[in-house]
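For reference, the structure discussed in these notes is given below.
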Amino acid sequence: MKFLTKTPTRLLTCLLVTAVLTACGGSETIIDAIDPEPTTPGTTIEDEFGLWLTDLANNHVLPSYQNLQASSASLSSQTTEFCTKASNNNDDLVVLQQSWRAVVASWQTIAWLKVGPIVNDNRIFRLHYWPDSKDNVGNGIANLLASNEEINQDFIAKQSVGSQGLPALELLLFPEANQDSLLNANDKDKRCQVLTAISANVATISEVVNSEWQIAGGNYHAQLTQGTGDFSSKKDAVEELVTNWLEQIERVKDEKMLVPLSVASPGIPTIAEHVFSDESVRSIQKNIATFKVIYSAGGGHGFDNILIGHLSQQNIATEMLTAIDNAIDSADVLTGSYEDLLKTDEGRAQITAAIDALRAIRDVLTVDFVQATDINIGFNSNDGD
C-alpha cells in the first residue's frame, strides 16, 4: 500500500525495508499512564493537537527521558563499583546485567521518538546502534580490547557509534564464550575499563538529552508543545510524531520480527535485537505497549478524545484502540527464549500473529486515521506486504 507523503524540513529516520524474503524486548513492566489534570477541549483542531502534544510530553516524553537518565546513571555507578572490587561472584554479575536491562527497558519506551536532542550529534545511534549487519559493534569492542590506549569516557565518545552504546555493553556483559566473562577472562581488567567507559558515555548522553528536554533546561518541551523551532506549527509537530510512530511500527514488525522469522524454522535468531542477552521479546513487548501510550497521550488528552469529542469519529477511535489492544495482547503471548519461539511451530505462529496485529494498526493509522485528522505522514513503505 502507498502511504501519504510529506516533504519534511527536518531529518526523518526512514526505515528502508525490502521484501520479506530478502530483507534484513525491556522489563516486563509496561508504562504506567500518569493521571493528568483534566484538560479543556480545544475549539480548533490545532488546539486539540496542542493538548495531545502537551499531555504526551508531560505524561510520557519527559518521564521516559528522566527514567533513561536515572537508569543509565545507576548502571554507570554499579559498573564502577563492580570493576573496583577485588573479586566478584556470579550474583554480582547478575546484578550488573539487570542494571543494563533496566536501561534497555527505559530506552525501548522512548526509542520511537526521533525529534529533538536525541537526533543531534548522532546520539540516537551512539546510544543504540542496531541493526548491525556489518558487526560494527563486535569489531568496535574487539578493537577497544586490543588497544594500548587508556580507555575512558572521552576516548569512547570519539569512537565509532557501534562502540559507544547499549549493544556494546551487552556484548561485554553477555559474552558468547565463557572465557570472555567479566568474572574469569584473562583480560578482565581491560574489559572492565572498556565497560566502565562505555557505561559513563551512555549515562552522559542520557543526561544531556534529558536536560535539553526539561523545561528548566534546554526546554525542547516548548518547541514540541507549541509547534515552534523545529516545527512550523502544532499540526506539523503532530505529523512528525505520527510519522515517528509509524516508523516504529514498521521497525518492530519488520526488523525485530519478520526478518528473524525468515521463511522457515529455525529462523535467523542471530540477527535479532539483543541476541546475547535474549532481551528481544521483552523489548518488542515494551515497544508495542508504548503505542497505546502514544495514542492516549499517557492517559491524557489523547487521539481518542480528538477523534470522538472533536471530529465525531467514534468508529475510527474504536478501530484504532482495538488494533492497538490486539497488538499488545499478541505480543504478551510471546514468552521464553526468542530463539525457541523462532524455531517452533507454535512460537512462529505466535510471532506471525503479532506481525499481523501490527499490520492492522498500520492500516488504520495510514488510512482512516490520517484522513479523519487531515494530517500527512512523511513515510513510505517499501516492503509491499
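The values are calculated or read from the model by the stated rules, or taken from the named source; none is laboratory data. Values in this document were obtained by computation on a predicted structure and should not be read as measured data. Cβ coordinates were reconstructed from backbone atoms using ideal geometry, including for glycine residues, and neighbour counts include every protein chain displayed. Just the protein is used for accessible areas: all its heavy atoms, side chains included, with ligands, DNA and RNA removed. Shrake-Rupley method; radii C 1.70, N 1.55, O 1.52, S 1.80 Å.
Points worth noting:
- Among the residues of region 364-385, the one identified as open to solvent by less than 10 Å² (accessible area, probe 1.4 Å), at pLDDT 95 or above and not in a helix (DSSP H, G or I) is Ile375.
- Test: residue in region 267-287 that is polar (S, T, N, Q), open to solvent by 20 Å² or more (accessible area, probe 1.4 Å), in a loop (DSSP other than H, G, I, E, B) and in contact with a helix residue (DSSP H, G or I) (Cβ under 7 Å, 6 or more places away or on another chain): no
- Residues that are open to solvent by 30 Å² or more (accessible area, probe 1.4 Å) and among the aliphatic types (A, V, I, L, M) were ranked within region 209-224; the one that is nearest to Lys235 (Cα to Cα) is Ile215.
- Scope region 228-240; condition out of contact with any Asp or Glu (no Cβ under 6 Å at 6 or more places or on another chain) and surrounded by 21 or more Cβ atoms within 10 Å (Cβ to Cβ); matching residues: Phe231, Ala237, Val238, Glu239, Glu240
- Reported count of residues in region 196-238, each being assigned to a helix (DSSP H, G or I) and touching a helix residue (DSSP H, G or I) at 6+ places or on another chain (Cβ under 9 Å), is 28.
- Of all residues making up region 127-161, the number that are within 19 Å of Ser72 (Cβ to Cβ), open to solvent by less than 60 Å² (accessible area, probe 1.4 Å) and among the charged types (D, E, K, R): 0
- Restricting Ile328, Ile361 to residues that are over 13 Å from Leu261 (Cβ atoms), surrounded by fewer than 21 Cβ atoms within 10 Å (Cβ to Cβ), modelled with pLDDT of 95 or more and of a type outside the set (D, E, K, R) narrows the list to Ile328.
- Residues that are part of a helix (DSSP H, G or I), open to solvent by less than 10 Å² (accessible area, probe 1.4 Å) and either out of contact with any helix residue (DSSP H, G or I) (no Cβ under 8 Å at 6 or more places or on another chain) or not aromatic (Phe, Trp, Tyr) (or both) within region 290-322 comprise Thr290, Ile294, Ile306, Leu307, Ala317, Met320, listed in sequence order.
- Checked against (1) in contact with a Cys (Cβ under 8 Å, 6 or more places away or on another chain); (2) assigned to a helix (DSSP H, G or I), Leu182 passes all but a single condition, namely (2).
- Answer residue from region 162-208, given it is surrounded by fewer than 16 Cβ atoms within 10 Å (Cβ to Cβ) and not charged (D, E, K, R) and is nearest to Trp130 (Cα to Cα) among those: Ala177
- In region 87-115, the residues that are farther than 16 Å from Tyr65 by Cα reach residues that are aliphatic (A, V, I, L, M) and part of a loop (DSSP other than H, G, I, E, B) with C-beta atoms within less than 8 angstrom, at least six apart or across chains, in these pairs: Asn88/Leu182; Asn88/Leu183; Asn89/Leu183; Asn90/Leu183; Leu93/Leu182; Leu93/Leu183; Leu96/Leu182.
- Condition met for Glu255 (under 14 Å from Ile377 (Cα atoms) and assigned to a helix (DSSP H, G or I)): no
- Selection of region 88-103 for residues being open to solvent by 40 Å² or more (accessible area, probe 1.4 Å) and either under 18 Å from Ser206 (Cα atoms) or out of contact with any Leu (no Cβ under 9 Å at 6 or more places or on another chain) (or both) yields Asp91, Val94, Val95, Gln98, Arg101, Ala102.
- Within region 48-101, the set of residues being under 25 Å from Val209 (Cβ atoms) and among the small types (Gly, Ala, Ser) comprises Gly50, Ala57, Ser64, Ala70, Ser71, Ser72, Ala73, Ser74, Ser76, Ser77, Ser99.
- Some residue of region 56-68 being over 30 Å from Asn178 (Cβ atoms) and of a type in the set (Val, Ile, Thr): yes
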